[in-house]
Amino acid sequence: MWPLLFFILQDNSVATVLEPETMGIKIITDNRKARFNYEILEQLEVGIVLLGTEVKSLRAGKLNINDSYALIQGNELVLLNANIAVYTHGNWNNHDPLRTRKLLAHRGEIRRLIGLSREKGLTLIPLKAYWKEGKVKLEVGVGRGKQLHDKRQTIHERDWNRDRARILQEARE
């Protein structure tokens, strides 16, 4: 599951250690269409305020952020249209799947985002949700929407990279 580092100690025993970059991070969901539809200018890691049944549903991986976006309301950052599925073993106290959720960021970061969001054509898009040290984190990107010709260029570059990797692989064999 995690990449491991192996160390041979002086007494010839082997010790294994997790790589520090991957320690404690487990991706819940990734918004792959966001990088295709938007040019991401800046990224920010924020926390999210959740209810108990939402946390349990996230542990099961039931999150969809494909159509969601973030807004600044007052001096708060909120996430709209993120779908956390209803917890299957919940009771009458289950959560609303599409409710507005507050995002947690430092005041200075929110002020900077206010300045960026006032620019015409910039949007706050959730890129990835993951567990980090027992807490749910959301990676939010400041993005500008791509035009059709930009999307075609992205497809062209992706296809060329795939073909180049295949050609190089065949040349090695």
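A short reminder: the numbers here are calculations on the coordinates, not readings from a lab. Worth saying up front: this structure is predicted, and the values here are computed from it rather than measured. Virtual Cβ from ideal backbone geometry, glycine too; neighbours counted across all protein chains shown.
Contact map, region 95-109: first residue aliphatic (A, V, I, L, M), second residue in a loop (DSSP other than H, G, I, E, B), Cβ cut-off under 7 Å, separation 6 or more or different chains; pairs are 98/81; 104/49.
Out of everything in region 67-99 that is aromatic (Phe, Trp, Tyr) and over 19 Å from the mean Cα position of the chain (by Cα), what residue ends up being nearest to residue 43 (Cα to Cα)? Checked region 67-99; the qualifying residue nearest to residue 43 (Cα to Cα) is 87.
Restricting attention to region 23-41, the residues that are part of a strand (DSSP E or B) and either exposed (fewer than 13 other Cβ atoms within 10 Å of the Cβ) or without any contact (Cβ under 8 Å) to a residue 12 or more places away in the chain (or both) total 4.
Considering only residues in region 100-129 that are more than 13 Å from residue 76 (Cβ to Cβ), of a type outside the set (Gly, Ala, Ser) and within 19 Å of the chain's Cα centre (by Cα), the one that is surrounded by the most Cβ atoms within 10 Å (Cβ to Cβ) turns out to be 126.
Mind telling me which of the residues 133, 157, 173 ends up being exposed (fewer than 14 other Cβ atoms within 10 Å of the Cβ) and more than 22 Å from residue 31 (Cα to Cα)?
Working: 133 fails: more than 22 Å from residue 31 (Cα to Cα); 157 fails: more than 22 Å from residue 31 (Cα to Cα).
None of the other options fit; the residue is 173.
Among residues of region 42-72 being charged (D, E, K, R) and either out of contact with any Gly (no Cβ under 8 Å at 6 or more places or on another chain) or free of Cβ contacts under 8 Å to residues at least 60 places away in the same chain (or both), the one that is surrounded by the most Cβ atoms within 10 Å (Cβ to Cβ) is 54.
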